[in-house]
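Colleague: This structure is in C-alpha coordinates; I'll ask about it shortly.
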Amino acid sequence: MVSGERTRRVALFAGSFDPMTKGHLDILTQASRLFDRVVVAIGLHPGKAPLFSPDERAALVRGVVEKERLEAEIVVSYFQGLTVDEAHRHGAVALVRGIRDSGDLDYEMQLAGMNVRLAPDVGTVFLPASVETRPITATLVRQIAGLGGDVSGFVPPVVADALREKFVRH
(Lines give C-alpha, C1' and ligand atoms only; values in the text may rest on other atoms or scores of the structure.)
Protein backbone atom coordinates (compact mmCIF):
# COMPACT_ATOMS: atom_id res chain seq x y z
CA MET A 1 0.00 0.00 0.00
CA VAL A 2 1.30 3.45 -0.93
CA SER A 3 1.78 5.86 1.96
CA GLY A 4 -1.44 7.80 2.60
CA GLU A 5 -3.50 5.25 0.65
CA ARG A 6 -6.15 3.42 2.62
CA THR A 7 -7.86 0.11 1.95
CA ARG A 8 -11.62 0.45 1.70
CA ARG A 9 -13.34 -1.71 4.29
CA VAL A 10 -16.55 -3.34 3.07
CA ALA A 11 -19.17 -5.03 5.26
CA LEU A 12 -22.26 -7.01 4.32
CA PHE A 13 -25.48 -6.49 6.29
CA ALA A 14 -27.78 -9.32 5.22
CA GLY A 15 -31.45 -9.85 6.05
CA SER A 16 -34.91 -10.07 4.58
CA PHE A 17 -35.66 -6.38 5.24
CA ASP A 18 -39.38 -7.17 4.91
CA PRO A 19 -39.78 -4.36 5.79
CA MET A 20 -36.79 -2.29 6.87
CA THR A 21 -37.33 -1.19 10.48
CA LYS A 22 -35.80 1.41 12.75
CA GLY A 23 -33.87 -1.52 14.24
CA HIS A 24 -32.29 -2.24 10.86
CA LEU A 25 -31.52 1.46 10.45
CA ASP A 26 -29.92 1.56 13.92
CA ILE A 27 -27.54 -1.28 13.01
CA LEU A 28 -26.86 0.18 9.55
CA THR A 29 -26.02 3.55 11.12
CA GLN A 30 -23.58 1.90 13.53
CA ALA A 31 -22.00 -0.13 10.71
CA SER A 32 -21.61 3.00 8.58
CA ARG A 33 -19.34 4.45 11.26
CA LEU A 34 -17.08 1.38 11.14
CA PHE A 35 -16.87 0.61 7.41
CA ASP A 36 -16.33 2.60 4.22
CA ARG A 37 -19.02 0.71 2.33
CA VAL A 38 -21.92 -1.32 3.71
CA VAL A 39 -23.81 -3.64 1.38
CA VAL A 40 -27.42 -4.12 2.46
CA ALA A 41 -27.99 -7.60 1.06
CA ILE A 42 -31.63 -8.59 0.74
CA GLY A 43 -31.92 -12.35 1.07
CA LEU A 44 -34.35 -14.08 -1.27
CA HIS A 45 -35.68 -17.35 0.08
CA PRO A 46 -37.77 -19.43 -2.35
CA GLY A 47 -39.77 -21.04 0.48
CA LYS A 48 -40.89 -17.74 2.01
CA ALA A 49 -43.72 -15.47 0.89
CA PRO A 50 -42.59 -11.93 1.77
CA LEU A 51 -44.99 -9.01 2.08
CA PHE A 52 -42.86 -6.84 -0.22
CA SER A 53 -41.23 -7.96 -3.48
CA PRO A 54 -37.44 -7.80 -3.76
CA ASP A 55 -37.70 -4.62 -5.85
CA GLU A 56 -40.05 -3.02 -3.31
CA ARG A 57 -37.73 -3.92 -0.42
CA ALA A 58 -34.71 -2.52 -2.28
CA ALA A 59 -36.62 0.69 -3.08
CA LEU A 60 -37.64 1.06 0.57
CA VAL A 61 -34.05 0.56 1.77
CA ARG A 62 -32.82 3.12 -0.77
CA GLY A 63 -35.62 5.51 0.24
CA VAL A 64 -34.64 5.24 3.90
CA VAL A 65 -30.90 5.58 3.20
CA GLU A 66 -31.27 8.69 1.04
CA LYS A 67 -32.99 10.51 3.94
CA GLU A 68 -30.24 9.62 6.42
CA ARG A 69 -26.78 11.07 6.87
CA LEU A 70 -24.80 7.85 6.99
CA GLU A 71 -21.02 7.94 7.04
CA ALA A 72 -20.42 5.05 4.62
CA GLU A 73 -21.38 4.40 1.04
CA ILE A 74 -24.48 2.18 1.11
CA VAL A 75 -25.11 -0.35 -1.66
CA VAL A 76 -28.25 -2.49 -1.96
CA SER A 77 -28.18 -5.97 -3.47
CA TYR A 78 -30.29 -9.14 -3.56
CA PHE A 79 -28.99 -12.64 -3.16
CA GLN A 80 -29.96 -16.28 -2.92
CA GLY A 81 -27.72 -18.84 -1.35
CA LEU A 82 -24.97 -18.46 1.19
CA THR A 83 -24.39 -15.10 2.83
CA VAL A 84 -20.62 -15.65 2.74
CA ASP A 85 -20.78 -16.09 -1.04
CA GLU A 86 -22.53 -12.72 -1.31
CA ALA A 87 -19.87 -11.25 0.99
CA HIS A 88 -17.14 -12.53 -1.33
CA ARG A 89 -18.97 -11.16 -4.36
CA HIS A 90 -18.78 -7.66 -2.84
CA GLY A 91 -15.28 -7.99 -1.37
CA ALA A 92 -16.66 -7.74 2.18
CA VAL A 93 -14.31 -8.39 5.08
CA ALA A 94 -17.13 -8.69 7.61
CA LEU A 95 -20.74 -9.65 8.10
CA VAL A 96 -22.66 -7.19 10.26
CA ARG A 97 -25.21 -8.70 12.62
CA GLY A 98 -27.51 -6.90 15.04
CA ILE A 99 -28.03 -8.33 18.51
CA ARG A 100 -31.20 -7.51 20.48
CA ASP A 101 -30.99 -10.02 23.31
CA SER A 102 -29.35 -13.22 24.54
CA GLY A 103 -31.52 -15.32 22.21
CA ASP A 104 -30.15 -13.43 19.23
CA LEU A 105 -26.62 -13.82 20.56
CA ASP A 106 -26.91 -17.60 20.91
CA TYR A 107 -28.26 -17.98 17.36
CA GLU A 108 -25.82 -15.48 15.86
CA MET A 109 -22.83 -17.17 17.54
CA GLN A 110 -23.82 -20.47 15.90
CA LEU A 111 -24.20 -18.74 12.54
CA ALA A 112 -20.85 -16.95 12.93
CA GLY A 113 -19.19 -20.25 13.79
CA MET A 114 -20.52 -21.89 10.64
CA ASN A 115 -19.71 -18.88 8.47
CA VAL A 116 -16.09 -18.73 9.62
CA ARG A 117 -15.74 -22.41 8.68
CA LEU A 118 -17.17 -21.65 5.22
CA ALA A 119 -15.24 -18.41 4.72
CA PRO A 120 -12.34 -17.87 7.17
CA ASP A 121 -11.53 -14.56 5.45
CA VAL A 122 -14.89 -13.01 6.38
CA GLY A 123 -15.39 -12.03 10.02
CA THR A 124 -18.60 -11.28 11.89
CA VAL A 125 -19.20 -8.02 13.73
CA PHE A 126 -21.98 -8.02 16.32
CA LEU A 127 -23.60 -4.66 16.97
CA PRO A 128 -25.96 -4.19 19.90
CA ALA A 129 -29.41 -2.80 19.19
CA SER A 130 -30.17 0.48 20.91
CA VAL A 131 -32.56 0.37 23.85
CA GLU A 132 -35.22 2.09 21.72
CA THR A 133 -35.04 -0.42 18.88
CA ARG A 134 -34.43 -3.61 20.84
CA PRO A 135 -38.06 -4.87 20.80
CA ILE A 136 -38.63 -4.16 17.10
CA THR A 137 -38.86 -7.07 14.65
CA ALA A 138 -40.04 -6.99 11.05
CA THR A 139 -42.43 -9.84 11.85
CA LEU A 140 -44.14 -7.85 14.60
CA VAL A 141 -44.25 -4.76 12.40
CA ARG A 142 -45.99 -6.73 9.63
CA GLN A 143 -48.47 -8.17 12.11
CA ILE A 144 -49.29 -4.81 13.69
CA ALA A 145 -49.64 -3.11 10.30
CA GLY A 146 -51.80 -5.97 9.01
CA LEU A 147 -54.18 -5.48 11.93
CA GLY A 148 -54.43 -1.77 11.23
CA GLY A 149 -52.09 -0.64 14.00
CA ASP A 150 -49.80 2.37 13.88
CA VAL A 151 -46.23 1.27 13.15
CA SER A 152 -44.78 4.76 12.71
CA GLY A 153 -42.74 4.39 15.91
CA PHE A 154 -41.08 1.24 14.59
CA VAL A 155 -40.24 2.04 10.96
CA PRO A 156 -38.93 5.03 9.01
CA PRO A 157 -41.68 7.24 7.47
CA VAL A 158 -41.22 5.93 3.91
CA VAL A 159 -41.77 2.37 5.19
CA ALA A 160 -44.82 3.37 7.28
CA ASP A 161 -46.35 4.88 4.12
CA ALA A 162 -45.61 1.74 2.11
CA LEU A 163 -47.16 -0.49 4.79
CA ARG A 164 -50.33 1.64 4.92
CA GLU A 165 -50.62 1.47 1.14
CA LYS A 166 -49.92 -2.29 1.08
CA PHE A 167 -52.62 -3.07 3.62
CA VAL A 168 -55.20 -0.67 2.16
CA ARG A 169 -54.94 -2.63 -1.10
CA HIS A 170 -55.47 -5.99 0.64
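Colleague: So, of the residues in the range 1-42 that are over 17 Å from Val122 (Cα atoms) and basic (Lys, Arg), which turns out to be modelled with the lowest pLDDT?
Modeller: Arg6
Colleague: Can you tell me how many residues within the range 95-111 are in contact with a helix residue (DSSP H, G or I) (Cβ under 8 Å, 6 or more places away or on another chain) and either farther than 21 Å from Thr133 by Cβ or of a type in the set (Lys, Arg) (or both)?
Modeller: Of the residues in that region, 2 qualify.
Colleague: Separate question: Out of the residues in the range 125-138 meeting the condition of being within 14 Å of the chain's Cα centre (by Cα) and of a type outside the set (Phe, Trp, Tyr), tell me which one is nearest to Val168 (Cα to Cα).
Modeller: For the range 125-138, the residue satisfying everything is Ala138.
Colleague: Could I ask something else about it? If a residue has to be assigned to a loop (DSSP other than H, G, I, E, B), small (Gly, Ala, Ser) and under 19 Å from the mean Cα position of the chain (by Cα) to count, how many in the range 143-170 make the cut?
Modeller: 2
Colleague: Which number in (1) within 24 Å of Val158 (Cα to Cα); (2) modelled with pLDDT of 95 or more marks the one condition that Arg69 misses?
Modeller: That leaves (2) as the condition not met.
Colleague: Another one. Report yes if some residue within the range 113-123 is under 19 Å from Thr21 (Cα atoms) and touching a residue at least 12 places away in the same chain (Cβ under 8 Å); otherwise report no. Can you show your working first?
Modeller: Applying the first criterion (under 19 Å from Thr21 (Cα atoms)) to the range 113-123 yields none.
Checking the range 113-123: not a single residue is under 19 Å from Thr21 (Cα atoms) and touching a residue at least 12 places away in the same chain (Cβ under 8 Å).
Colleague: If you check every pair at least six apart or on different chains, which have Cβ atoms under 8 Å apart with a residue in the range 65-79 that is closer than 12 Å to Leu28 by Cβ first and a residue that is among the hydroxyl-bearing types (Ser, Thr, Tyr) and at pLDDT 95 or above second?
Modeller: Glu68/Thr29; Leu70/Thr29; Leu70/Ser32; Glu71/Ser32; Ala72/Ser32; Ile74/Ser32
Colleague: If you check Glu132, Glu56, Glu86, Glu108, which single one turns out to be farther than 17 Å from Ala31 by Cα, modelled with pLDDT of 95 or more and in contact with a strand residue (DSSP E or B) (Cβ under 8 Å, 6 or more places away or on another chain)?
Modeller: The conditions single out Glu86.
Colleague: For the range 29-44, how many residues are in a strand (DSSP E or B) and either under 11 Å from Ala11 (Cα atoms) or in contact with a helix residue (DSSP H, G or I) (Cβ under 7 Å, 6 or more places away or on another chain) (or both)?
Modeller: So the answer is 6.
The values are calculated or read from the model by the stated rules, or taken from the named source; none is laboratory data. Just so you know, these numbers come straight off a predicted model, no measurement behind them. Every residue, glycine among them, receives a Cβ derived from its backbone with ideal geometry; neighbour counts consider all protein chains shown.
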